[in-house]
């Protein structure tokens, strides 16, 4: 542990290098007459049990949240699959054998849209960066 910086004190400064006023507690200086063992706290059995119980409760809450999140994700996935299945069945009723052709056209349209967005962003972002001086 270090003592107050004598250079800062000798030069007439009111602060030591740890930025504390001379005479105040310095975190770098050991407490006179105090050793590390005298500052430790003895935990009672009740305190230990409380810490163990609180840790268990925290772990249980985390597990419950994870289980709830997993259940919610499963439910949403199942609902989405059912919705898509119903939409596909409705399209099959409306359009008959042309459902596969319509799905293919939708995928092509989606791919073209994504590509145009990528091209637009690649042309746009350098201009935006230049406008901010980067």
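Things to note:
- Efficiency of FRET from Cβ geometry, residue 119 and residue 79, R₀ 30 Å, rounded to 0.05: 0.30
- For segment 47-116, the ratio of Cα radius of gyration to the globular rule of thumb 2.2 N^0.38 Å stands at 2.11.
- Net length gained if the chain between residue 66 and residue 108 were fully extended (0.36 nm per residue, minus Cα distance): 11.4 nm
Read-outs: derived from the displayed coordinates by stated rules, not from any lab. Because the structure is a prediction, the values reported are computed rather than measured. Ideal geometry is used to build each Cβ from the backbone, glycine not excepted, and the neighbour counts take in all protein chains shown.
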